[in-house]
Amino acid sequence: MTLRVALAGNPNCGKTALFNALTGSRQKVANYPGVTVERKEGSVKTASGLTISVLDLPGTYSLDAHTPDEAIARDVILGKLSTEAPPRILVVVADVTNLERNLGLLLELKSLGKPVVLVLNMMDLAIRRGIDVDVQALSKELGVTVIPTVAVKRTGIPELLQHLEKEFHAPAEEVIVREWKKSSPDDVRARFAEVDRILKKCTRKVGQPEIWTDKIDHVVLHPVYGTTLLLGVLALMFQAIFTWAKIPQEWIQEGLGWLGAAVGTHMPDGALKSLLADGIISGVGAVLVFLPQILLLFLFILFLEDSGYMSRAAFLMDRLMGKVGLNGRAFIPLLSSYACAIPGIMATRTIENKRDRMTTILVAPLTTCSARLPVYSLLIAAFIPNTSVLGFLKLQGLVMLGLYLGGIIAALVMAVIFKKTLFKGAKPQLLMELPTYKWPSLRGITLGLLERSKLFVRRAGTVILSLSVILWFLASYPHAPEGATEPAIRYSYAGKIGGAIEPFLKPLGFDWRISVALIPGFAAREVMVGALATVYAVEAKESETAAALGPILAKNWSLATALSLLVWYILACQCLSTLAVTRRETNSWRWPIFMLVYMTTLAYVASFVTYRLALWAGWG
Amino acid sequence: MNLRKLGELKKGMRGLIKRIDDSSSEFSRRLLEMGLIEGSTVEIVHEAPFGGDPIALRVRGSLVALRRNEANRIEVEV
């Protein structure tokens, strides 16, 4: 026997905390079919053996859906979603310290005629502030059962379960479900007037206003301190992603190295061994290595989001982002893309406006992700002399900085272009709540991180695994003929494809070797370093590859070719995972294909211009 | 007592919402749902650095951020 209930409530009312308290780790996260709205469901078994399945609906202020998330919440509540059985009971969650606004949704839902129960969450905060609401009177006025809770401390959860169980066993009342119609502005006004009337009757003490949020905001939103703090947070994030992540990344690398060595010594030579070692372990490994960075980034994002800081960052950055036609909410996804475009694109979910969200997704892969770093380091070390500029700056560092700037400038310029063409529309608007600051709960963050890593590992285990196998096959077959003089890869399918695309890449200064290396590099940027090593037949351990490869490249390539390849790396879309996640987030193949085409065109033109200019400067 | 556009108010000023322009438009409906309705008191609590835009308002127990341009849809009595 299963009872289906759904949690509804305003954003920031503690709905997810209640969901976590109810279901713990028995949660399943997926997407609603056909849309990118996250569907969170979990279950809980009561003492008497009744299974309650709980659906955590996206937060919404009313049923007048303005975003895809809100539309889903509305459709589930109204039973209009064909893939979702309508919930039998609606659990409306309200932040007890903000009933003035939170009760509006309850009144709207109650008017539908479905069984509704109201959860007054965050009772502890109400008590601390001296807010005293007469729960019984409120229940009488509203005509629904009211259950006070502190979701993060699990207070009130048993009472809620007991009530749901009682409701389940109660003889089915004749439920008159009234037809829902979009409320007029006057309906909204009337609802709030009713809320005011009820609260006047049921509030025993208004309590103190929340002072901490105000105090914190005076620092966080201060022109000088606030900006400094934001820069500090960003610096810390980068520090974490680039240095702290190194240690676990090395463990993963060592583990994979050990695994590869084990395969190498214990398996007989042959296709299977090559597939395992060169295909699967190195392919999936190249992606798994990023897991620590992605987890750290999400740890930061979850912490900033749950504490309430994230919307302050958006508030601070809104004016700057507004200059390129986006709103402040695009800031964090773009910033995250510096580590990796995948979590960056996933983080665009917080952008309400669809046009803004699409623009952000499309430009996110232009920011300099960490996968470009190995290639940048290799080429800079090989081609850029480490001379001093102005006495204290090193030329190599300046070039690196230039590459990073090149990425962000390209992203901002493209954002302007997309907003003026593809996603033309009314000026972007900003309307967001700045929630009360909260200390994030360990439970919420842990569950959030688990969810993200599951998503990432699942993808590495499916999409990337199969691609690695395909690439391995292309690079290994057919074998080099007897007495071959050139590296084996030259005779493989990959070599043939490289040869076939060479004429197209020649104008950019790329020979067949670079063309061949670009093929696996298309799947994941950093793989190109290894691929170049294969092409130039460098016999060296992974860690020494770059060091050994540098001088060889310096001898074989002109400076013009190197510069052209660097520009190519800033702009080209060489990441299958990014395309896969774009497909998932936009729910259509159209956008990943568009992304691939526009970025490749951009890269081609820019590399061509760079190459010609460099030749003209005499760097050929 | 005089009527002003909400977007013209400075930090620390309060007003009583008198009218919302174009109240059936998508954006204005959103304002209503977030509690920006006639009769609610609003206070400008924060201004973003560099130009003072966007602004953060306290209304019906919550803190809401929007740009001055959009805040101008709301007429308040100061």
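The values are calculated or read from the model by the stated rules, or taken from the named source; none is laboratory data. Model, not experiment: these values are computed from the prediction. Here Cβ is always computed from backbone atoms with ideal geometry, including for glycine, and neighbour counts include all displayed protein chains. Just the protein is used for accessible areas: all its heavy atoms, side chains included, with ligands, DNA and RNA removed. Shrake-Rupley method; radii C 1.70, N 1.55, O 1.52, S 1.80 Å.
Couple of notes before you dig in:
- Residues of the range A:300-349 that bury at least 50 Å² of accessible area when the other protein chains are present, relative to the chain alone (probe 1.4 Å, heavy atoms, ligands and nucleic acids excluded): A:315, A:319.
- Mean Cα-pair separation over length for the range B:3-77, i.e. relative contact order, pairs under 8 Å, 6 or more apart, %: 45
- Accessible area per residue, Å², the range A:2-210 with all protein chains present, probe 1.4 Å: 44
- With the simple spin-label model, which puts each label point 7 Å out from Cα in the Cβ direction, the residue A:597 to residue A:409 separation comes to 2.8 nm.
- Dividing the mean sequence gap of close Cα pairs (under 8 Å, 6+ apart) by how many residues the range A:113-173 holds gives a relative contact order of 34 percent.
- Residue with peak Gaussian network fluctuation, chain B [Cα springs, cutoff 10 Å], from B:28, B:62, B:40: B:62
- Accessible surface of the protein assembly as shown [probe 1.4 Å, protein heavy atoms]: carbon and sulfur percent: 63
- Helix axis angle, A:559-571 relative to chain A longest principal axis, alpha carbon, degrees: 20
- On the beta carbon distance between residue A:212 and residue B:10, with R0 = 22 Å, the FRET formula returns roughly 0.35.
- Extending 7 Å from the Cα toward the beta-carbon at both residue A:497 and residue A:387 defines two label points whose distance is 4.1 nm.
- Computed over chain A: relative contact order in percent, which uses C-alpha pairs under 8 Å that are six or more apart: 10
- Across chain A, the longest piece that holds none of the GluC sites (Glu not before Pro) lying in DSSP loops with up to 10 other C-beta atoms within 10 Å covers A:180-481.
- Between residue A:80 and residue A:556, the contour length at 0.36 nm per residue exceeds the Cα-Cα span by 164.9 nm.
- Förster-model FRET efficiency, 25 Å R0, residue A:134 and residue A:170, C-beta, rounded to 0.05: 0.50
- Computed about the Cα centre, the dipole magnitude for the protein assembly as shown is approximately 840 debye when only Lys and Arg (+1) and Asp and Glu (-1) carry charge, each at its Cβ.
- Only helices enter the 222 nm calculation for chain A: every DSSP H run of n ≥ 4 contributes -39,500 (n - 2.57), and dividing by all residues gives -18000 deg cm²/dmol, rounded to 500.
- Solvent-accessible area buried by pairing A with B, both sides, nearest 100 square angstrom, 1.4 angstrom probe: 3500
- What the Cβ-Cβ distance of residue A:395 and residue A:234 gives, at R0 = 25 Å and to the nearest 0.05, is a FRET efficiency of 0.45.
- Extension gain, residue A:616 to residue A:273, is 118.6 nm, computed as 0.36 nm per intervening residue step minus the present C-alpha separation.
- Heavy atoms of residue A:601: accessible area, 1.4 Å probe, square angstrom to 10: 80
- Length available on full extension from residue A:588 to residue A:303: 0.36 nm per residue minus the Cα-Cα distance, which gives 99.5 nm.
- Taking a ≥ b ≥ c as the square roots of the Cα gyration tensor eigenvalues, the range A:1-107 comes out oblate, since a/c reaches at least 1.5 and a/b does not exceed b/c.
- Seen against the Cα atoms of chain A and their longest principal axis, helix A:465-476 is set at about 10 degrees.
- The C-alpha atoms of chain A define a longest principal axis, and helix A:373-383 lies at about 30 degrees to it.
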